Every structure is written in structure tokens, then in C-alpha cells.
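Worksheet: the structure to be examined is printed underneath.
Throughout, read-outs are computed from the coordinates displayed, never taken from laboratory work. All values derive from a computational prediction rather than experimental measurement. Methodologically, a virtual Cβ is constructed for each residue, glycine included, from the backbone with ideal geometry; neighbour enumeration extends over all protein chains shown.
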Amino acid sequence: MRNIFCLLLLSLLINISCEKNHDDENPENTRKDFIIAGKTGDDVLYTDINPDWDKYAYGLSPDSINVDVNQDHVADISIRYSTSSSTSGYTVQTSVSAYNGAYFSPEPINLNDEINSLSGWINTTSLLAFTKIDFASSDTSVSGAWISKQDKYLGVQVTEHGRKTYGWIRISIFIHPETIYIQQVVVKDFACQKD
């Protein structure tokens, strides 16, 4: 009886170890739950903005770029450059907003850093950079996590087919002291995980 039990147990273990794991056949189960900032390649939907979206001017009317990170023909993120002037001063700001259930990570992300579920997601309009020039005192104040950041990445999270998908937008924000601290924003390219 003991030998029969041992043979049955051994047979069961062999069958279990020899069975093919069907979950490995489903690409949805093997897809990574992150993207690397700046990554391009076969598993990424990549878009180069050509020419770059570049805003830099005194008195420029507000302008924005809508980014469809996952290329589903629906805007996910809007980056807005705006200026305002009064008799006492001049302000320039770059802000970001999320649309259609998208989220973004407002802190600049470095090249090759991982963008994933822990990236600090928000979906409310946020200032990336703010500059104010006081005409009376000639003082300039600047604030925002993106001040003087070059080629950093804004993390983006969208939901596709009930699953979170991650992407990035490469942005540079310069403050030019030689032109009384006018702010310049450049949006260069973006990418998202392939479905």
C-alpha cells in the first residue's frame, strides 16, 4: 500500500512539473508593469515631436500642447505655457494637466529611472515652473520642481483595457537670467508601453 501511495505521489509530481504554464502564453501576463524613462524600442510606442514644442517669449499669449501618450486619439496630458504682465510685474508659468482618467508624476524623473505604480501619481493641474519679475525692485522669484531642468521626464499613467499603462514625456525648462529671467519650455518627445 505504501509503495502504491509513493508511486501515485511521484506520478502526480511529475505530471505537475511537466505541465506547460499557459499563463506564459498570454502577453498580458508577461507585460512589465513599468517603463524606463527615455526608453524606446520594439515594446514602446514612441513619438518624436518634430520640431520640438518650444515656448519662450515676453508677452507670448498662452499656448499649450496636448499629448496623446498611448496614441489612442484621446489627449492624456496638456502642458501649458502662459505669461501675464501688469504695471508692477511679469509672470511666466508652465503647468501640466491630466485628461480622460490619466495621471502624471509631477517631480522630474531622470533618464533610465523606472516609472511604475509607486511614482507619486496625481491628476490635478500642477505648476512645473513659475517665474515672477517685480518691476519696481527688479527682483525675480522662481519656484517649482522643474526650474532649470534639462531633458527630464514627466511620468504618465493611463488606463487601457482595465490595465495601468506607463509612459513618459521629455521636457526641458530653462530660466534665462540674461533676458530678465524669462522662462522657456521645450517638449521634445514621448513614449508609452505597447498594449
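The slack in the chain from D72 to I49, taken as 0.36 nm per residue of separation less the alpha-carbon distance, amounts to 6.6 nm. Within straight-line reach of K32, meaning a Cα separation under 27 Å, sit the following lysines at least 8 residues removed in sequence or on another chain: K20, K152, K164, K188, K194.
If the chain linking I65 and S138 were pulled fully straight, counting 0.36 nm for each residue of separation and taking away their Cα-Cα distance, it would gain 23.2 nm.
Could you put L45, L118 in order, starting from the residue whose Cβ has the fewest other Cβ atoms within 10 Å? Walk me through the numbers before you get to the answer.
Values: L45 18, L118 9.
Ascending Cβ contact count within 10 Å gives the list L118, L45.
Packing, as the average of other Cβ atoms within 10 Å across residues, places the peptides 160-168, 135-143 in the order 160-168, 135-143, highest first.
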